[in-house]
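Each reported figure results from applying straightforward, stated rules to the coordinates on display, with no laboratory input. As the structure is a computational prediction, the values presented were derived from the model and not from experiment. Using ideal geometry, Cβ is built from the backbone for each residue, glycine included, and neighbour counts are taken over all protein chains shown.
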Amino acid sequence: MASRKPFVAGNWKLNGSVELLNEMASSIEAVSNDQSVDVALFVPALLVGESAKLDVVTGVQTVSEFESGAYTGEIQASLAKELGAKYALVGHSERRHIFGESDDVVAQKFVMAQQQGLTPVLCVGETEQQREQNETESVISAQIDAVIDKLGVAGLEQSVIAYEPVWAIGTGKTATPEQAQQVHQFIRAKLASLDEQIAQRLQILYGGSVNEKNSSELFAQPDIDGGLIGGASLKKDAFISICESAKG
Ligand code: PEP
C-alpha cells in the first residue's frame, strides 16, 4: 500500500479573525515543521492573503464555477491562487444544503479550482436519512462520479477527498472509526477499480465533530489519512493536538 502523508485542515467557516490567525500561525508552523503532517487552514476568503503572508498553507472554502465576469459576491479561483491559496474546498455540505449546490455545480467548481492551479478538496457525505435508507454508498458515488464525468478519474490525481457525514458535522455526533473506515475503504476501492495508483495515493480525510479526544482513533484507521476539522480548528490547543495525533 502506498504511504500517504497525513493531512489535517481546519475549516473556519464564517468565523475567525486576523487576531486568531496570528495566534495560530506560529503554532501551525511548529507542528508541521518536521514535514510529517500537512496542515492547512480554510479561512474566510477575506483572510486568504493575510494567512498566506503568514506562511500558513491556506485554502478557500468555496470558489465560483465561473472564471470571471458579472457574478457579484463570488470568489474567484484565480485571485485566490494569486493571493497565495493552495487549496479550495468544493462541495462542503453547508454549500450543498444551505446554498443548494448540486453535484454538477460542485463538479464545475472542482474543474475551475484545478484549472486555476488550486488543489480541490472534494467534500462528500450522506445525510442521516440517506444513511438510514442505506443510500450512503450511492450518494457518495454520485458525488464523486459528477467529477469523474467531467475530468475522468485522472482529474482526481491532484485532489483530496473529505468524507463528511452530514449528520456528524457540527453536531458532536462523530462516526465511529469503524463506520468512517468503511466509507473511506469504499471510496478507495471505487477509485481503485478505475485507477489503482490514483486510489492509493489519494488523501481521504474524515470530517465530522473531530476533536482532540477522538482524532487518534479515527486517524489510526488504514484508509483515513487525516481530518477536516470545523469547530475544533478555532481552538489553538485542540487543533494543534489534533495535528500531532495525525503523526501517528
Ligand atoms: C466541517 O465543517 O467540515 C466540520 C467537519 O465541522 P465540525 O468539525 O465542527 O463537525
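Observations on the model:
- Sparsely packed loop sites in the range 14-79 (the GluC sites (Glu not before Pro) outside DSSP H, G, I, E and B with at most 13 other Cβ atoms within 10 Å) comprise E67.
- Structure-based [θ]222 nm, the chain - -39500 (n - 2.57) summed over DSSP H runs of at least 4, per residue, nearest 500: -12000 deg cm²/dmol
- Once exposed loop chymotrypsin sites (Phe, Trp or Tyr not before Pro) are cut out (DSSP; at most 12 other Cβ, 10 Å), longest piece of the chain: 100-248
- Here the range 122-216 is assigned +1 on the Cβ of each Lys and Arg and -1 on the Cβ of each Asp and Glu. Its dipole about the Cα centre then comes out at about 220 debye.
- Trypsin sites (Lys or Arg not before Pro) restricted to the range 163-222 and DSSP loop, no more than 15 other C-beta within 10 Å: K173, K213
- For the range 133-177, GluC sites (Glu not before Pro) meeting the loop criterion (DSSP other than H, G, I, E, B) and having at most 16 other Cβ atoms within 10 Å: E135, E157.
- Under 24 Å of direct C-alpha separation, and excluding same-chain neighbours fewer than eight residues apart, K53 reaches these lysines: K13, K81, K86, K235, K236.
- The range 7-246: translational diffusion in µm²/s, Stokes-Einstein, Kirkwood Rh over Cα pairs, 37 °C, 0.692 mPa s: 186
- Footprinting exposure proxy for L21, L234 (fewest neighbouring C-beta atoms within 10 Å first): L234, L21
- Taking the chain and dividing mean pair separation by its residue count, relative contact order in percent (alpha carbons under 8 Å, at least six apart): 22
- Evaluated with a Cβ-only charge set (Lys, Arg +1; Asp, Glu -1), the chain carries a dipole of roughly 280 debye about its Cα centre, given to the nearest 20.
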